[in-house]
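Step one of this worksheet: look at the structure below.
The values are calculated or read from the model by the stated rules, or taken from the named source; none is laboratory data. In this text, all values refer to a predicted model and were calculated from it rather than measured experimentally. For neighbour counting, all protein chains shown are included, and Cβ atoms are generated from backbone atoms with ideal geometry for every residue, glycine included. Areas reflect the complete protein model, heavy atoms only, side chains present, ligands, DNA and RNA absent. Shrake-Rupley method; radii C 1.70, N 1.55, O 1.52, S 1.80 Å.
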Amino acid sequence: MSFYNWIQEKLFDEYEEWCLKSPGSNGNGFNIVGIDNTLQAMHDGFYMYMEVYPPHAIDGCTAMKARVGKTPDAVDIFLDIDGKTYRMADVSYPDAVKMMRAFMKKRRVPDCSLCVVAVYLDIDQMRSTFTELATLLLGDAKQAKSFMTKVKLRSLEELEDSWWNLYEKLVSKGYAVELDCKCELEDFIYYVQKLICNKSLDTKENLTIDTAALDEDQVIMDWCASLNSTWENYTLVGMDTGTDSFVLMVLSNEEFKTAQELAKELLHRIDVAERL
């Protein structure tokens, strides 16, 4: 470690040589508060994972990772040590913050006796889940099967690429639209109406846009919330692609609930549009 980096770390909690990966970050150099903020984003449902990489192995550990747990108030911690991945399940968020801070500040690895050997990414399960989600959103098993022939899930990076490819496929087929966060009201109405038209006839009969209730001085999140407050059986949802734009879809409430759970298993997020 250079003297400059040592000063940054000891005096300012800036870790220039460490890497933090999450849906909102992927690069070297960050303040240790980023640990707290990223885990808080996971707790709030905005992020599904985070990973911390030291510049050199610490007692054989080359990465500490957190994934949303089965319960709302817990995460699963994964440790990559000497070529194996160890899992510590149901760690509270405050404890996860302490573990990750100790890993960085004190170079301390959690007790592996509390962990079990695990696979961080279950490729077979990921592929099955991805296929189910693609089939639901594309509405066609044949299209989904064709799409999945090109999907690679051997790493988190490939999972990210596949998520992006699914988004592009949905937009190209007209099942999703991408709008700028500063889009005009008339554009919002036009593209949401196109999404409605791509649903079945009975859906269109149940979905309307009360243009008089939408204020052009508001923003897209307000318009999304307004529509969702009036629709009973359908939801205007967003697919999180890690950008500032909004990728919108119209799903039945049942489709949305299923899609939300499947996306979570893939470490990504589909939510009501106004929450993105």
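Summary of values
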{"read-out": "Relative contact order for the chain, counting Cα pairs under 8 Å that sit 6 or more residues apart, in percent", "value": "13"}
{"read-out": "Listed residues V109, V52 arranged by accessible area, highest first, probe 1.4 Å", "value": "V109, V52"}
{"read-out": "Rg over Rh [alpha-carbon atoms, Kirkwood Rh] for the range 217-276", "value": "0.97"}
{"read-out": "Gap separating the Cα centres of the range 5-24 and the range 155-199, nearest whole Å", "value": "35"}
{"read-out": "Within the chain, longest stretch free of exposed GluC sites (Glu not before Pro) [DSSP loop, at most 15 other beta carbons within 10 Å]", "value": "1-183"}
{"read-out": "Whole-number Å³ per residue for the convex hull built on Cα positions in the range 3-117", "value": "92"}
{"read-out": "Volume in Å³ per residue [convex hull over Cα atoms, computed for the range 98-193]", "value": "168"}
{"read-out": "Exposure ranking of K182, K169 by accessible area [1.4 Å probe, largest first]", "value": "K182, K169"}
{"read-out": "Where the Cα pairs of the range 62-127 fall when distances are cut into 10 Å bins, in %", "value": "21, 54, 23, 2"}
{"read-out": "Solvent accessible area, Å² - T211, 1.4 Å probe, full protein context", "value": "70"}
{"read-out": "Unsatisfied cross-links (Cα-Cα over 25 Å) in the set K21/K70; K21/K194; K145/K199; K84/K150; K105/K264", "value": "K21/K194; K84/K150; K105/K264"}
{"read-out": "Solvent-accessible surface (1.4 angstrom probe) belonging to H56, in square angstrom, nearest 10", "value": "130"}
{"read-out": "Rounded to 10°, Cα long-axis angle of helix 123-138 versus longest principal axis of the chain", "value": "20"}
{"read-out": "For the range 44-200: relative contact order, % (alpha-carbon pairs under 8 angstrom, 6 or more apart)", "value": "12"}
{"read-out": "Solvent accessible area, Å² - V272, 1.4 Å probe, full protein context", "value": "30"}
{"read-out": "Distribution of pairwise C-alpha distances over the range 123-275, 10 Å bins, in %", "value": "11, 42, 33, 12, 2"}
{"read-out": "Accessible-area order (highest first, 1.4 angstrom probe) of the listed residues S2, S172", "value": "S172, S2"}
{"read-out": "Heavy-atom accessible surface of the chain: percent carbon and sulfur, 1.4 Å", "value": "48"}
{"read-out": "For the range 1-65, fraction of C-alpha pairs farther apart than 19 Å, in %", "value": "34"}
{"read-out": "Binned Cα-Cα distance frequencies in the chain - 5 Å width, integer %", "value": "1, 5, 12, 15, 15, 14, 12, 10, 7, 5, 3, 1, 0, 0"}
{"read-out": "The chain - accessible surface per residue (Å², probe 1.4 Å)", "value": "52"}
{"read-out": "Cβ-Cβ FRET estimate between Q40 and Q125, R0 fixed at 22 Å, reported to 0.05", "value": "0.20"}
